[in-house]
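Here is the structure we will look at.
Since every read-out is calculated from the coordinates, none of them should be taken as a lab result. Predicted model, so just to flag it, every value in this text is computed and none were measured. Heads up, the Cβs are rebuilt from the backbone with ideal geometry, glycines too, and the neighbour counts pull from every protein chain shown.
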Amino acid sequence: MYWIYLVIFVIMVFVPDMLRDGFFGLEEETLEELAIFVLGGLGFVFYLIKEKQLANNEKDKTRAQREASRMSKDLTSSYSFIGEINRKLEIFKNISLGLPGWSKMTLAREKEAFEYIMAAIKILTKADEYCLTFVVKDSCEEMLELRSKKNLKFELTQRHCLDENKKYFETDKYIVTVSPENIRGIVSILTIKKKTPAHTFDDPDILKAIASQALFLYIFLERRRKTR
């Protein structure tokens with residue numbers, strides 16, 4: 001488009017020679033001024049058109065960059081989500097399949113099995129304070145409690161967790177998961193203390209599965225102790 005400005009400039013230079021005799025009853029000087037004004041106006045109009053095109057191109061470029069950035073973030077988020085799901089599945093698979101030799105467990109291995117479950121809870125929930133409790137459902141009698149820290153205390157009681165009549169619920173301070181089924185009247189309760197009120201867990205079914213797996217392990221070991 002720059003050649004248009006060149007043509008206008010050349011015509012403006014030669015206007016005095018082109019309009020020596022005047023036209024339409026106008027003097028030469030007046031015609032020259034009018035011609036230069038018209039040519040200048042055309043140049044300005046072409047400049048505005050070009051500027052608008054550049055502005056539109058810049059907007060399109062910015063829009064394309066934003067869209068590319070959004071797609072990149074979505075893709076990164078998708079990869080992160082898939083990675084997180086795969087990690088959860090791997091942990092759960094290890095819990096489910098990594099303990100098949102229960103009949104051959106020694107006391108040391110029993111402790112190791114529960115420690116593995118507790119470590120998996122920490123990795124999955126990103127929590128530091130939590131406990132896994134095995135309770136008689138009807139009486140709320142505590143049979144065994146595993147804590148992530150020795151002196152850890154919770155404001156929630158076992159009865160409160162069971163009275164909610166839910167298998168998963170959250171408060172401002174806690175995330176509570178109860179095993180979906182009881183075995184011989186015993187349930188497992190996973191209580192997680194939130195780091196912040198916004199702390200949450202997006203896949204309760206994973207926690208329910210872990211609570212159930214822990215309950216199976218506990219019941220099996222208790223039965224084995226009684227038959228020894």
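The calculated FRET efficiency for the pair Y116 and A68, based on their C-beta separation and a Förster distance of 45 Å, comes to about 0.55. At full extension, K126 and R184 could sit 17.7 nm farther apart than now, given 0.36 nm per residue minus the alpha carbon distance.
Extension gain for A55-L156 works out to 30.2 nm (0.36 nm per residue, less the C-alpha to C-alpha distance).
Peptides 51-59, 126-134, ordered by how many other C-beta atoms sit within 10 Å of their residues on average, highest first, read 126-134, 51-59.
When a/c is below 1.5 the answer is rounded, else prolate if a/b is larger than b/c, else oblate, so apply that to segment 168-221 with a ≥ b ≥ c taken from the square roots of the Cα gyration tensor eigenvalues. Prolate is the answer for segment 168-221, as a/c is 1.5 or above and a/b outweighs b/c. For H199, neighbours were defined as the other residues whose beta-carbon sits under 15 Å from its Cβ, and their charges (Lys and Arg +1, Asp and Glu -1) total 0.
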